[in-house]
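*Asks:* There's a structure below that I have some questions on.
The values are calculated or read from the model by the stated rules, or taken from the named source; none is laboratory data. Predicted, not measured: the structure shown is a model, and the values here were computed from it. Here Cβ is always computed from backbone atoms with ideal geometry, including for glycine, and neighbour counts include all displayed protein chains. Accessible surface areas use protein heavy atoms only, side chains included; no ligands, DNA or RNA. Shrake-Rupley method; radii C 1.70, N 1.55, O 1.52, S 1.80 Å.
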Amino acid sequence: MERLSDASARGLAEAVSRAVGDGALAGGLKLPPVRSVATELQLSPSTVNSAWQLLRRAGTIRTDGRRGTVVATPGAGGPGRYRAALRQTSGFGLDLSTGVPDPALLPPLPDLHGLSPAPSSYLDEPVLPALGALLRERWPYPPERLAIFDGAMDAVDHVATALLRLGDLALVENPCFPPLLDLLDTLGVRVVGVGTDAHGMIPERLAAALTRRPAAVFLQPRALNPTGASWSPSRAASLAAVLGKTPQVYVVEDDSAGELSSGAPLSVGTHIPRQTLHVRSFSKSHGPDLRLAAISGPATVLDPILERRLLGQGWTSRLLQHLLLTLLTAPTSIAAVAAARDEYARRRRLITTGLASAGIVLPPGEGLNLWLPVADEQAALLSLASAGIGAAAGTAFTVGPAAAPHLRVTVGLIAIGHTEVAERLVTAARAAVQSIPR
C-alpha cells in the first residue's frame, strides 16, 4: 500500500482512513482477510487485527455478516448506543427512559422584550462579560480560561476532538453516559471503564487504570448519569491526588446536574488546575433548549479550540447568554430552580423508599435518575412495558464485559403515583426470562 508510511497498527489504520476519505476504497467494498493483508504488507496478523479494531471503533469499517469486513457506507452505521436504547420507548403512558427534566419544574422564561442589547460587532467578546464574571464567582476554582458552548456535549466534543487521536485510550466511569461512549467511538478512541460506588469513580481503581497510559479521563462530579452518585470533598481530593501523579493526563469533568445538585460544586481542578477542563451545564436546571454550558480550562488547551471555533460558528449567541444571566440572577428563577431541586429529591426519595420496603436497597444518590438492579434486563423492560412504563436498558451505559443487569429509570419524571410505580419497578426487577416450551 503506497499510503502506508508507518508500519504500525495506527499507521495502517490512518492509511486506510485516508484511502476511504479520498474515495480509493469505496463504501461497501469487501476487505481481504487479515492474514492476506498481513502477508501483502509484510506485517504481523496481530498488527493488522489491531488496525481493523481501530477502524471499527472509528466507524470506517464494519462487519457485514457472511460478507466479512467491509468499508462502511456513510450514514449506514445505525443509531448510537443511547438512541438505540431509547428507540423503542415511545408511546408509553409514563416514559422514564429519557433522562430529561420535568418541563413543569423548569423556571419560566422572562419577557424577551428589551432583554439584551444587540451586539454591534462580530468582534464583541465571545463570553458576555457580566455572565463570565458571575460564573467565575460561582466556579469551584479560579479558572484560567472560561468559555460558553452550545451545551455540555458540544463542549466535550470540542475538547475530546482537540485532545484525542485515533487509537488513544480514555478512561470513563462504569457505568457512564452513553453519548460520551458514542463520541469516543466516533473518534476511534479506545475506552476503559473504571468502577464506581456511591461517591463516583473509585480512586484505587483509577490508579490501576492509569498504568495503561490513557490520554484523558472523563468524570461526572455530581449526580452521575445513570447512578446519581456525587463526590464528597474527600473523594474529589483523593481522585485529584491519584491524577496528579500523571500530569500528562487531562481530566474532563461534566457537571451536568448543575444547580439541581444539593451539594456545592466540586472539581479536581481545585487541586490540579493545569490538567482539568470543567464543564457546567444549565440544560437540566434551566431548560434543555437553552443549549448552553460553560467550560473552564488551561489556556494551552482552550485557546486553540476557541481560535478554531472563530473560523466556524464563532461564538454562542450572546442573546442566549443574556437570557441565562437573567435566569441565574432573577429571584423568581432562583426560587424555581431551588423548588425543582427539592421536588426531584422528594420524588427520588419516595421511589427508593418504596423499593427499600421490598428489599431493594439502593446506595444514596441524587438527580433525575436511578440505577435499578434487575434479574434480567429484557424481562424487566417487558414487565414495565406491560404496565405502560418505559425505561432505558442498562447495557448502553456500561463498558466492557457484561456486568450485573440494570435499568436506568428517570424518577424525576414521576410526579404522582409513586407507590404504584415503585411496586411496578419491584416486579420488573424480579422478572425472569420465561423459557419457551418445546
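*Asks:* Sort through V217, V192 and tell me the only one that's in contact (Cβ under 8 Å) with a residue 60 or more places away in the chain and of a type in the set (A, V, I, L, M, F, W, C).
*Replies:* Values: V217 fails: in contact (Cβ under 8 Å) with a residue 60 or more places away in the chain.
Checking each option against the conditions leaves just V192.
*Asks:* Which number in (1) of a type outside the set (V, I, T); (2) crowded, with 24+ Cβ neighbours inside 10 Å; (3) in contact with a Lys or Arg (Cβ under 8 Å, 6 or more places away or on another chain) marks the one condition that W371 misses?
*Replies:* (2)
*Asks:* Further question: Only one of R341, R348 is within 23 Å of the chain's Cα centre (by Cα), under 21 Å from A229 (Cβ atoms) and crowded, with 21+ Cβ neighbours inside 10 Å. Can you tell me which? Don't jump to the end; show me each part of the working.
*Replies:* Values: R341 fails: crowded, with 21+ Cβ neighbours inside 10 Å.
After ruling out the rest, the residue left standing is R348.
*Asks:* Next question. Looking at region 1-43, which of the residues that are polar (S, T, N, Q) and under 22 Å from V189 (Cα atoms) is surrounded by the most Cβ atoms within 10 Å (Cβ to Cβ)?
*Replies:* Taking region 1-43 first, the residues polar (S, T, N, Q) are 5, 8, 17, 36, 39, 42.
With under 22 Å from V189 (Cα atoms) added as a condition, the list becomes 5, 8, 17.
Details: S5: 9, S8: 14, S17: 20.
In this case the residue turns out to be S17.
*Asks:* If we scan region 208-220, do we find a residue that is in contact with an Asp or Glu (Cβ under 8 Å, 6 or more places away or on another chain), within 30 Å of T326 (Cα to Cα) and crowded, with 24+ Cβ neighbours inside 10 Å?
*Replies:* Restricting attention to region 208-220, the residues satisfying the condition of being in contact with an Asp or Glu (Cβ under 8 Å, 6 or more places away or on another chain) are 214-216, 218-220.
Applying the additional criterion that residues be within 30 Å of T326 (Cα to Cα) yields 219-220.
From what's left, crowded, with 24+ Cβ neighbours inside 10 Å: 219-220.
Yes, region 208-220 has at least one match.
*Asks:* Take T332 and decide whether it is more than 29 Å from H199 (Cβ to Cβ), in contact with a Phe, Trp or Tyr (Cβ under 7 Å, 6 or more places away or on another chain) and either of a type in the set (V, I, T) or in a loop (DSSP other than H, G, I, E, B) (or both).
*Replies:* Details: more than 29 Å from H199 (Cβ to Cβ): yes; in contact with a Phe, Trp or Tyr (Cβ under 7 Å, 6 or more places away or on another chain): no; either of a type in the set (V, I, T) or in a loop (DSSP other than H, G, I, E, B) (or both): yes.
No, not satisfied.
*Asks:* Return only the number of the condition from (1) closer than 22 Å to G354 by Cα; (2) crowded, with 22+ Cβ neighbours inside 10 Å; (3) not β-branched (V, I, T) that P405 does not satisfy.
*Replies:* So the condition that P405 fails would be (2).
*Asks:* Counting just the residues of region 408-424 that are more than 13 Å from T98 (Cβ to Cβ) and touching a Ser or Thr at 6+ places or on another chain (Cβ under 9 Å), which one comes out most open to solvent (accessible area, probe 1.4 Å)? Spell out the reasoning first.
*Replies:* Filtering region 408-424 down to residues more than 13 Å from T98 (Cβ to Cβ) leaves 415-424.
Checking which are touching a Ser or Thr at 6+ places or on another chain (Cβ under 9 Å) leaves us with 418, 422, 424.
Details: H418: 21, A422: 3, R424: 124 Å².
Taking the candidates together, the pick is R424.
*Asks:* Restricting to region 185-206, what's the tally of residues that are at negative phi, of a type outside the set (D, E, K, R) and either open to solvent by 40 Å² or more (accessible area, probe 1.4 Å) or assigned to a strand (DSSP E or B) (or both)? Working first, answer last.
*Replies:* Of the residues in region 185-206, the ones at negative phi are 185-187, 189-199, 201-206.
Applying the additional criterion that residues be of a type outside the set (D, E, K, R) yields 186-187, 189, 191-196, 198-199, 201-203, 206.
Filter once more, so that each one left must be either open to solvent by 40 Å² or more (accessible area, probe 1.4 Å) or assigned to a strand (DSSP E or B) (or both): 186-187, 191-196, 199, 201.
Number of matching residues: 10.
*Asks:* Can you name every residue in region 401-417 that is small (G, A, S) and either in contact with an Asp or Glu (Cβ under 6 Å, 6 or more places away or on another chain) or modelled with pLDDT of 95 or more (or both)?
*Replies:* Quick first cut of region 401-417, residues small (G, A, S) only: 402-404, 412, 415, 417.
Within region 401-417, G412, A415, G417 meet the criteria.
*Asks:* What residue, of D182, D157, is assigned to a helix (DSSP H, G or I) and in contact with a Lys or Arg (Cβ under 8 Å, 6 or more places away or on another chain)? Full working, then the answer.
*Replies:* Values: D157 fails: in contact with a Lys or Arg (Cβ under 8 Å, 6 or more places away or on another chain).
Sole residue among the options that is assigned to a helix (DSSP H, G or I) and in contact with a Lys or Arg (Cβ under 8 Å, 6 or more places away or on another chain): D182.
*Asks:* Continuing with this model, one more query. May I ask you to verify whether L425 is in a loop (DSSP other than H, G, I, E, B) and touching a helix residue (DSSP H, G or I) at 6+ places or on another chain (Cβ under 7 Å)?
*Replies:* Values: in a loop (DSSP other than H, G, I, E, B): no; touching a helix residue (DSSP H, G or I) at 6+ places or on another chain (Cβ under 7 Å): yes.
Spelling it out, it is not the case that L425 is in a loop (DSSP other than H, G, I, E, B) and touching a helix residue (DSSP H, G or I) at 6+ places or on another chain (Cβ under 7 Å).
*Asks:* Still on this model: Can you pull out every residue in region 221-243 that is touching a residue at least 24 places away in the same chain (Cβ under 8 Å), open to solvent by 40 Å² or more (accessible area, probe 1.4 Å) and hydroxyl-bearing (S, T, Y)?
*Replies:* Correct list: S238 only.
*Asks:* Next up: When you look at I272, is it over 23 Å from the mean Cα position of the chain (by Cα), closer than 26 Å to N225 by Cα and β-branched (V, I, T), yes or no? Break it down stepwise before answering.
*Replies:* Values: over 23 Å from the mean Cα position of the chain (by Cα): no; closer than 26 Å to N225 by Cα: yes; β-branched (V, I, T): yes.
The answer is no for I272.
*Asks:* Here is a check on your reading of the model: is S285 in contact with a strand residue (DSSP E or B) (Cβ under 7 Å, 6 or more places away or on another chain), modelled with pLDDT of 95 or more and under 29 Å from L106 (Cβ atoms)?
*Replies:* Working: in contact with a strand residue (DSSP E or B) (Cβ under 7 Å, 6 or more places away or on another chain): no; modelled with pLDDT of 95 or more: yes; under 29 Å from L106 (Cβ atoms): yes.
So S285 does not fit the description; no.
*Asks:* Within region 370-379, identify whether any single residue is within 23 Å of the chain's Cα centre (by Cα) and in contact (Cβ under 8 Å) with a residue 60 or more places away in the chain, and answer yes or no.
*Replies:* yes
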